[in-house]
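Every number in this text was worked out from the coordinates using simple rules, so none of it is lab data. In this text, all values refer to a predicted model and were calculated from it rather than measured experimentally. Cβ: placed from backbone, ideal geometry, glycine included. Neighbour counts: every protein chain shown.
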Amino acid sequence: MLDDFFIRAVLGGIGVAFVAGPLGCFIVWQRMSYFGAAIAHSALLGVALSFIFDFAPLLGILVVSVLFALGIVGLQRRSDLASDTVLGIFAHVALALGVVFVGFMETLRLDLMAYLFGDLLAVGRLDLLWIYLGGAASLVLLVRIWRPLLAVTVHEDLAAAEGIAVERTRLLYTLLLAAVIAIAMKIVGILLIISLLIIPAAAARNISRTPERMAIVAVLFGIISVAVGLGASLQWDTPSGPSIVLGAFVVFLLARLGNLPKPISGSKSR
Amino acid sequence: MVEPVPILEMAKPNSKEVLIEATGLSMTFDDRQILDRVDIQVQSREIVTLIGPNGAGKTTLLRLLLGLQVPDTGTVQRVPELTIGYLPQKVSVDPTLPLTVERMLGLTNPVALEAMREELEEVGAGHLMQAMMHELSGGEQQRVMLARAMLREPDLLVLDEPVQGVDFKGELDLYELIGRIRDRRECGILLVSHDLHLVMASTDRVVCLNHHICCAGHPEAVKRDPEYLALFGHRAAESLAVYAHMHDHEHGLSGDIVENDH
């Protein structure tokens, strides 16, 4: 059964949705989608370096993304530029660096499009193994830091004053983000990864009264997005990564339409 | 034979105890001296109000006392096992984060539901247990955050501008509430305020900060101190009389009239 490329694609997408849902919620809550996108942009550099120095691309992405994220955070604290300017500069410099490095590798013809927009239909068994092993490890870690991470998300100083290790929690969260980008890259590609994290989470907001339910609904919406997108991709022969993103957008629209009379500051439900 | 009274006395030392003491705190950011050799201490069962103009270093001083930042020079000493309840200046829960008051109360430490209920009742927010945090008004939010700080059963309560975003009547109510908490819980309270006359009634000691300690002492003394008057003007001192009246009733959060018990 696993020989069928379509089944493998669906399984891969579902595996990613399990981690992308809850992690995407934190990105939405912390208003960090641009930060996440910037980290994702650096992933291509990780891929290129891993080919040049001959180690596993997953490891390359992980290392480069984490270093990159730490660098951005450090610069944002010191710089007099607005933090979105810092992000904008570094996201695109990293992407440009990645493309330039890929160009250096004359002996190896890397399918740039597959890395930028995903090539779910080329997901192999080994990729599936990575998605599920990495995804399971990430989920376990996320569950373990859930409470402190939520506290840090609400108020950093308050969490710190009440004994939560803020820096450590933030570092683990960044590590998780990098890990999910690394394993999701095959599915939707560097440029579209963040949409798979934030669109299902945003769609889940209006129908959730607790953070946990929002995370679970985001997982379900992610799975539906993958199914819809890949189905459409198979039907009309559209590129798989972008099709999943559009599938997610359809889910988002339907979820929003179903809840239109509830603006955020609207009637208090008690 | 068991005598319960002395045991109770043992648990709560009747002499005032210094809970936290800072000496010689100095702090510089980007060549600007924020704090200059600041000394401050809070004892159990006293309310210390930290007052000063915007940018005087009040929040920085609180952060140093809470251990969120390390001073350039100086030391902060706490009694061992000091539990601090902290109410930050403004907690705004992002509207995308669905967080009920109940979840907020148990955010960092799991708390029994019954304890939550009691604490919310005490701050006059009993009906808000299932409300969403981002839908609360400024006053409701501060009451919930106060209940949250109290649930930690703190020896020291640190309140950073607790009445920000609260209307005038709500401000007076909140300060009365803080005074009651001190009486009932016998904890020390350190509070930052922009407005001395509002806190006069419930404050034991005022510390006036403008990068250095300008003056400190009983509120009546501080309000006549030339350094205080230079910072806040004579009008601040004159307007004090306006607020020296008593209320015979107050309005609960839901608008009903609540009889005062004093």
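Any chance you could run the full-extension gain for A:Ala122 through A:Ala136? It's 0.36 nm times the residue separation minus the Cα-Cα distance, nm to one decimal. Could you put the intermediate results ahead of the total?
On the way: separation 14, 0.36 × 14 = 5.04 nm, distance 2.17 nm.
Gain on stretching A:Ala122 to A:Ala136: 2.9 nm.
Got a sec to turn the phi values of the range B:78-95 into Karplus ³J(HN,Hα) couplings, 6.51 cos²θ - 1.76 cosθ + 1.60 with θ = phi - 60°, whole Hz, x for Gly and Pro?
Karplus values, whole Hz, x for Gly and Pro: 10, 5, x, 6, 5, 9, 10, x, 10, 10, x, 4, 8, 10, 10, 6, 4, x.
Taking 7 Å along the Cα-to-C-beta vector as the label spot, tell me the A:Val250-A:Leu234 distance in nanometres, rounded to one decimal.
1.4
Return the Rg/Rh ratio of the protein assembly as shown with Cα-based radii and a Kirkwood Rh. Mind showing how you got there, number by number?
Working: Rg = 27.8 Å, Rh = 26.2 Å.
Result for the protein assembly as shown is an Rg/Rh of 1.06.
Determine the sum of side-chain charges near A:Glu156: Lys and Arg each +1, Asp and Glu each -1, restricted to other residues whose C-beta is under 12 angstrom from that of A:Glu156.
On the way: positive: A:Arg170, B:Arg63; negative: A:Asp157, A:Glu162, A:Glu167.
Charge balance near A:Glu156 sits at -1.
Using θ = phi - 60° and the Karplus curve 6.51 cos²θ - 1.76 cosθ + 1.60, what whole-Hz ³J(HN,Hα) does each residue of the range A:174-184 get, with Gly and Pro shown as x?
Values per residue, Gly and Pro as x: 4, 4, 4, 4, 4, 5, 5, 4, 4, 7, 8 Hz.
Under the rule of at least 5 residues apart or a separate chain, name every residue whose amide H is placed under 5 Å from the amide H of B:Ile34.
B:Met27, B:Thr28, B:Phe29
What is the set of long-range amide H partners of B:Leu157 at a cut-off below 5 Å, with H atoms built 1.01 Å from backbone N?
Here the answer is B:Gly85, B:Gly188, B:Ile189, B:Leu190, since their amide H atoms fall under 5 Å of that of B:Leu157.
What residues qualify as long-range amide H neighbours of B:Cys214, i.e. H under 5 Å apart, gap of 5 or more or another chain, H built at 1.01 Å from N?
B:Cys208, B:Leu209
Give the Rg/Rh ratio for the range A:5-257, taking Rg as the radius of gyration of the Cα atoms and Rh as the Kirkwood radius, to two decimals. Intermediate values should be presented prior to the final figure.
Numbers: Rg = 17.6 Å, Rh = 18.3 Å.
Reported Rg/Rh (Cα atoms, Kirkwood Rh): 0.96.
May I ask for log10 I(q)/I(0) of the range A:138-177 at q = 0.31 Å⁻¹, from a Debye sum over the Cα atoms as equal point scatterers with solvent left out?
-1.05
Counting only other residues whose beta carbon sits under 15 Å from that of B:Leu97, what net charge do I get with K and R as +1, D and E as -1?
Working: positive: A:Arg31, A:Arg147, A:Arg205, A:Arg209, A:Arg213, B:Arg103; negative: A:Glu156, A:Glu212, B:Asp94, B:Glu102, B:Glu135.
Overall, the nearby charge balance is +1.
Add +1 for every Lys or Arg and -1 for every Asp or Glu among the other residues with Cβ under 13 Å from the Cβ of A:Met214, and state the total.
Working: positive: A:Arg205, A:Arg209, A:Arg213, B:Arg103; negative: A:Glu212, B:Asp94.
Every neighbour counted, the sum reads +2.
I need the phi-derived Karplus couplings for the range B:222-229: 6.51 cos²θ - 1.76 cosθ + 1.60, θ = phi - 60°, integer Hz, Gly and Pro marked x.
5, 6, 9, 5, x, 5, 5, 5
For the range B:135-195 and the range A:14-52, what is the centre-to-centre distance using only Cα atoms, to the nearest Å?
Each part reduced to its Cα centre gives a spacing of 40 Å.
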